[in-house]
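Derivation of every value follows stated rules applied to the coordinates shown; laboratory data play no part. The structure presented is a predicted model; accordingly, all values stated were derived computationally and were not measured. So basically every Cβ, Gly included, is an ideal-geometry build from the backbone, and we count neighbours across all protein chains shown.
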Amino acid sequence: DQQVKQNSPSLSVQEGRISILNCDYTNSMFDYFLWYKKYPAEGPTFLISISSIKDKNEDGRFTVFLNKSAKHLSLHIVPSQPGDSAVYFCAASGRSGNTPLVFGKGTRLSVIA
Amino acid sequence: KAGVTQTPRYLIKTRGQQVTLSCSPISGHRSVSWYQQTPGQGLQFLFEYFSETQRNKGNFPGRFSGRQFSNSRSEMNVSTLELGDSALYLCASSLEVQGSGANVLTFGAGSRLTVL
């Protein structure tokens, strides 16, 4: 049973517009949610995280929103740039050290110039 | 400071063989996790080691095993390889400061295994 779901395998956005990547989860015990970005032939790199006690976290062009009642989170990238083209993974975990990160299957974002 | 180093980067094996992959974590990181990435399946958790002890284990058969050494370096082994074991194997390390929030993993570039 998949605990973290990214239902959109791919997304195309024009340069300068907003990219919205979505993620749903089923385990209400998750404490933290993270987004990773992955380029081909590289390992995933950490982008941004949010604690379950917050509903928004912002870091430059990247903002993550968390809706606990809907068990849904989203990553907003604005403005989108061609260098943002990558696969984005949503991940979730319980308290640090006790549970491993559980990842979604990823969404491939293509930012078109 | 050096990142997470995985060796080898690429390897080809045949069915029935075994393979050992190596991971050197970031200096000072004591937790090492392994993930398998296959097309369309995302990253699936294999196991996690902390201070030479396996702390968590994913839902993989016993052919998949690992260990961690006293210097935090880790190896994973897959025995009796099957075609379906072809994947990118990712190692990640974390500093894990209790109470510091999300356990952010830093990943290596991965070892791409092809089983023929």
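Quick rundown of the values:
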| read-out | value |
| --- | --- |
| For chain B, built as a Gaussian network whose Cα springs stay under 10 Å, the top-fluctuating residue of B:GLN36, B:GLN54, B:GLN17 | B:GLN17 |
| Low-density loop cleavage sites - trypsin sites (Lys or Arg not before Pro) in region B:1-63, where at most 16 other Cβ are within 10 Å (DSSP) | B:LYS1, B:ARG9, B:ARG15, B:ARG30, B:ARG63 |
| The protein assembly as shown, Rg to Rh (Cα coordinates; Rh as Kirkwood inverse mean 1/r) | 0.97 |
| Student exercise, the protein assembly as shown dipole from Lys, Arg, Asp, Glu Cβ charges, in Debye to nearest 20 | 200 |
| Which of A:THR26, B:THR20 has the fewest Cβ neighbours within 10 Å, and the rest in rising order | A:THR26, B:THR20 |
| Distance histogram for region B:29-101 (every C-alpha pair counted, 5 angstrom bins, percent rounded to whole numbers) | 3, 15, 26, 24, 17, 9, 4, 1, 0 |
| Mean separation of Cα contacts under 8 Å (6+ apart) over length of region A:16-95, as relative contact order % | 43 |
| Per-residue Cβ neighbour rank within 10 angstrom, fewest leading, B:PHE107, A:PHE89 | B:PHE107, A:PHE89 |
| Order of B:SER51, B:SER70 under a 10 Å beta carbon neighbour criterion, fewest first | B:SER70, B:SER51 |
